[in-house]
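Here is the structure we will look at.
The values are calculated or read from the model by the stated rules, or taken from the named source; none is laboratory data. Keep in mind the model is a prediction, meaning the values are calculated, not measured. No Cβ is skipped: glycine too gets one built from the backbone with ideal geometry, and neighbour counts run over all protein chains shown.
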Amino acid sequence: MPCGPRVYSPPMTHRDQLLQAAVRVYAEVGYRGATTRRIASEAGVNEITLFRHFGSKDALLREAINRAEDAVVEPALPEAPEAPFAEVLEWARRYIVGLRERRALIRTCMGEIEEHPGLIPPEGSPPAKAAKALCRYLRRLRDLGHAKADFDESAASALLMGALFADSMGRDVIPDMYSNQPEEALREYVRLFLRGIGVEQSDPAGDA
């Protein structure tokens with residue numbers, strides 16, 4: 001049986017190997033444990049190659065973390081809101097999945113931000129982009145009359161994103177705090193959030 005055309009995937013460069021290895025090692029053991037020798041070994045190259053490409057460990061880690069963040073595909077919200085609960089729920093579902101996938105890296109970055117603040121991009125990060133997108137959506141909800149409460153969209157966005165962040169980072173650490181199932185909790189976060197900004201549309205599943 002004839003096969004379809006082969007898709008050619010170019011081999012990874014040493015630079016790409018080092019960037020991927022740096023993220024894995026840093027997420028696992030942090031800044032001190034992520035020695036240049038360990039990163040080079042994980043990448044399958046020698047330390048000379050590492051320094052030839054990046055010059056220093058900090059430069060390598062900074063670029064590796066930036067690249068990992070840039071690779072995140074942010075969930076989208078519609079330009080013209082029609083079904084706020086369904087739209088925000090789908091956005092929240094995709095956002096929290098992304099947080100869980102990057103949980104190890106995020107935890108390490110947060111634990112070391114005071115000692116190594118330069119490694120983490122302050123602007124243009126996935127959370128910053130997501131917050132801006134959610135703020136724009138909330139303004140459209142208000143302009144169209146879907147959100148009837150008087151609220152600050154930045155504070156409202158931070159409220160929902162904070163709940164999603166806490167769940168994604170804390171559910172496996174303090175399970176007693178999260179007695180309901182992830183999907184059930186997600187729907188409740190969205191219900192409470194929309195109720196708080198004056199959106200009257202309810203959860204269809206909850207009304208069934």
Exercise. Got at least one residue in segment 169-183 being at negative phi and surrounded by 17 or more Cβ atoms within 10 Å (Cβ to Cβ)?
Worked result: no
Exercise. If you scan segment 24-52, which residues turn out to be under 11 Å from residue 14 (Cα atoms) and either buried (at least 18 other Cβ atoms within 10 Å of the Cβ) or free of Cβ contacts under 8 Å to residues at least 24 places away in the same chain (or both)?
Worked result: 40, 43, 45, 46, 50, 52
Exercise. When you scan segment 53-83, how many residues do you find that are over 27 Å from residue 97 (Cα atoms) and in contact (Cβ under 8 Å) with a residue 24 or more places away in the chain?
Worked result: 3
Exercise. Is it true that some residue in segment 51-59 is among the polar types (S, T, N, Q) and assigned by TED's automatic domain parsing to the domain that holds residue 31?
Worked result: yes
Problem set entry | Which numbered condition residue 92 fails, given (1) at pLDDT 95 or above; (2) loosely packed, with under 13 Cβ neighbours inside 10 Å | (2)
Problem set entry | Test: residue in segment 133-140 that is of a type outside the set (A, V, I, L, M, F, W, C), surrounded by 15 or more Cβ atoms within 10 Å (Cβ to Cβ), in contact (Cβ under 8 Å) with a residue 40 or more places away in the chain and not in a helix (DSSP H, G or I) | no
